[in-house]
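Student: Sharing a structure, written as structure tokens. Questions coming.
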Amino acid sequence: SAFMSTSDPPHSAADPRAMAGAAAHVKYTVTAKLAAEHEAGYVAWLKDGHVQAIVDEGGACVARVEQCGCSEEGVACVKSVYVFPSRDAFSAYETGLAPKLREDGIRRYGPSSERPVAFSREVVDVEASAVGEEAAKEGAYTGKA
């Protein structure tokens, strides 16, 4: 079944890391575990507009899809990684576009679908340099040219 995990809340202003601006961006990773025979279709769905929408409409600076394999036989693992420019931008995505995209994902890949996926989510503060690091990786999605 689907579950959600998040990091600690953003650093307070009294925290030296926040004062130094060390955590200027937010990295949001969705990990999907699914039957290996459904991996190609799931990845195609992500690459056929879902990921680009999070960049173009959801405010992410960069996004990418990573097929990471899995140690369990017959199980695939796919990570969707998004970097947002700030906690505010990520919060706007969470309350704006995310519910519509999640509804579509659950309809296609939820527990009652023919292709159930177990999703986990991680939200962490990252250095601004994470945008360039993720954008440099193969298959990265960035804003429309």
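Student: Mind listing the Cα extents of the stretch 61-103 along all three principal axes, in Å, largest one first?
Tutor: 39, 23, 12
Student: For the stretch 53-140, what does the equivalent ellipsoid look like in terms of its semi-axes, each the square root of 5 times an eigenvalue of the Cα gyration tensor, given largest first in whole Å?
Tutor: For the stretch 53-140, the ellipsoid semi-axes come out as 24, 18, 10 Å.
Student: Follow-up. Using a 1.4 Å probe on the protein heavy atoms only, what accessible surface does F90 show? Give it in Å² to the nearest 10.
Tutor: Looks like 10 Å² after rounding.
Student: Moving on. Sticking with the crude label model, points 7 Å out along Cα→Cβ, report the distance from R121 to K47 in nm, one decimal please.
Tutor: 2.5 nm
Student: Something else: How do R107, R102, R121 stack up against each other in accessible area, from largest to smallest, with a 1.4 angstrom probe?
Tutor: Ranked list, largest accessible area first: R107, R102, R121.
Student: Please sort 127-138, 34-45 by packing, taking for each peptide the average over its residues of neighbouring beta carbons within 10 angstrom, highest first.
Tutor: Per-residue mean Cβ counts within 10 Å order the peptides as 34-45, 127-138.
Student: So, in nm, how far is label E72 from label D56 when the simple model puts each one 7 Å beyond its Cα toward the Cβ?
Tutor: 3.4 nm
Student: Can I ask one more? Taking a label point 7 Å from the Cα of K100 along the Cα→Cβ vector, which residues of the stretch 52-85 have an amide N closer than 15 Å to it?
Tutor: Correct set: 52-60.
The values are calculated or read from the model by the stated rules, or taken from the named source; none is laboratory data. Values in this document were obtained by computation on a predicted structure and should not be read as measured data. Please note: Cβ atoms are built from the backbone with ideal geometry, for glycine as well, and neighbour counts cover all protein chains shown. The protein model used for the area step is the full one, side chains on, heavy atoms only, and it has no ligands, DNA or RNA in it. Shrake-Rupley method; radii C 1.70, N 1.55, O 1.52, S 1.80 Å.
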